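The values are calculated or read from the model by the stated rules, or taken from the named source; none is laboratory data. Since we're looking at a predicted model, the values are computed, not measured. All Cβ positions, even for glycine, are placed from backbone atoms using ideal geometry, and neighbour counts span all protein chains on display. Calculation scope for accessible area: heavy atoms of the full protein, side chains included, ligands and nucleic acids excluded. Shrake-Rupley method; radii C 1.70, N 1.55, O 1.52, S 1.80 Å.
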Amino acid sequence: MGGMMRALVKHQSGFGAELKEVSIPSAGPGEVLVKVKAASICGTDVHIYSWDDWAAGRIKPPLVFGHEFCGEVVETGEGVTGFEKGDSVSAETHIVCGRCPQCRRGEAHVCTFTKIIGVDTRGCFSEYAVMPAGNLWKNDPTLPPEVATAMEPMGNAVHTVLSGPVAGRTVAVIGCGPIGIMAVAVAKASGASAVIAFDINEYRLDLAKKMGATHLVNSGEEDPVAVAKKLTGGWGVDVVLEMSGNPVAIRQGFSMVTMGGRISMLGLPLRAVELDIANDLVFKGVQVHGIVGRRMYETWQQTAGFLTSGQVDLKPMITHRFSLEEYQTAFEQMMSGKSGKVVLYP
Ligand SMILES: [Zn+2]
Ligand SMILES: [Zn+2]
């Protein structure tokens, strides 16, 4: 194809990023060139933009970052089958090896050699992006691009919620960032009898309500454990979905879960967290499950099903839309804590 395009580049170590003119990449063997219709900003992108310790240790500038997108196939490389010009696609961001024991037993989401698009390889905050064909997911053509950009992060929510039974059970969602509020909607759609949303941010609790939470708890104002016990007749909640990564909230999650309940953990604490393993885990017979990525591609099928059936409506959580040129405002909005999903249009 050739030519130039605009791309958001992490140009150097330190805060920020730069919009640059770069050449349009071409699709090599096994790759697909995609025209990016919409891309959304993930917490990971904020780490890269603001350049925290994690980013400094992992990212090698210059890098076109971003990994949540919806685009249209414009060119397929040698050996690619199953994709045609004009197909609407998003991408699984974990590039896996296919050879390690995990991959070979169908557990590729925990591949030993995972590389992440937009972190370890070139991402999607640009007019065009090249993706490995094996990572592409064909979207239902009726899904609006700004909704389809959320396929990947919503997959995290779906994986977390559905890693155990939820129908007819009480569910606590701790942390109401974008993945937390998508988990609220997925738990509701999956038949949870109550979905109790916890956060310290009223803006986010309001979004949780719009996404279907049956109860809202401001953990800064009320005792979350006491409220959870009260709402469940004193027994504690059946399923705790930990999305905050906050040590205090994590301990509260272990306190509010019922005997023999499940805790699925997606939130990332910055450092080691102290837990009362004897009393809050072993004697309670609690099932604890770390959630990484999405099951390939069972989670994608489930996520697509929730969206195309209308069982989950993401519109309330897509709160801000910007052109790629307005990236500074977009990142400021993300960092303010007063946003759901922020979508960029290249
Ligand atoms: Zn992400
Ligand atoms: Zn592998």
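If you scan region 306-335, which residues turn out to be among the small types (Gly, Ala, Ser) and part of a helix (DSSP H, G or I)?
Ala330
Among residues belonging to region 1-41 that are touching a helix residue (DSSP H, G or I) at 6+ places or on another chain (Cβ under 8 Å) and part of a loop (DSSP other than H, G, I, E, B), point out the one that is farthest from Ser323 (Cα to Cα).
The residue in question is Gly30.
Got a number for residues in region 195-214 being open to solvent by 10 Å² or more (accessible area, probe 1.4 Å) and farther than 10 Å from Val173 by Cβ?
Qualifying residue count for the region: 10.
When region 259-302 is examined, which residues are found to be free of Cβ contacts under 8 Å to residues at least 40 places away in the same chain and farther than 27 Å from Gly233 by Cα?
Leu268, Pro269, Leu270, Arg271, Ala272, Val273, Glu274, Gly290, Glu298, Gln301
Could you figure out which of (1) within 15 Å of ligand 1 (Cβ to nearest atom); (2) of a type outside the set (Lys, Arg); (3) closer than 24 Å to Met5 by Cα; (4) open to solvent by 10 Å² or more (accessible area, probe 1.4 Å) isn't true of Ile95?
Among (1) within 15 Å of ligand 1 (Cβ to nearest atom); (2) of a type outside the set (Lys, Arg); (3) closer than 24 Å to Met5 by Cα; (4) open to solvent by 10 Å² or more (accessible area, probe 1.4 Å), the lone unmet condition for Ile95 is (3).
Quick one: Ala56 ticks every box in (1) under 16 Å from Asp120 (Cα atoms); (2) in a loop (DSSP other than H, G, I, E, B); (3) away from ligand 1 (no atom under 14 Å from the Cβ) bar one, so which box is it?
(2) is the only condition that Ala56 fails.
If I filter region 231-250 for residues that are charged (D, E, K, R) and out of contact with any strand residue (DSSP E or B) (no Cβ under 9 Å at 6 or more places or on another chain), do I get at least one hit?
The answer is no; no qualifying residue exists.
Output the residues belonging to region 82-125 that are part of a strand (DSSP E or B) and within 12 Å of ligand 2 (Cβ to nearest atom).
His94, Ile95, Lys115
Matching residues to (1) under 18 Å from Val292 (Cβ atoms); (2) buried (at least 24 other Cβ atoms within 10 Å of the Cβ):
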residue	(1), (2)
Val64	no, no
Arg122	no, no
Phe125	no, yes
Ala133	no, no
Pro141	no, no
Ala148	no, yes
Ser163	yes, no
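Across region 281-296, what is the number of residues that are aromatic (Phe, Trp, Tyr) and crowded, with 18+ Cβ neighbours inside 10 Å?
0
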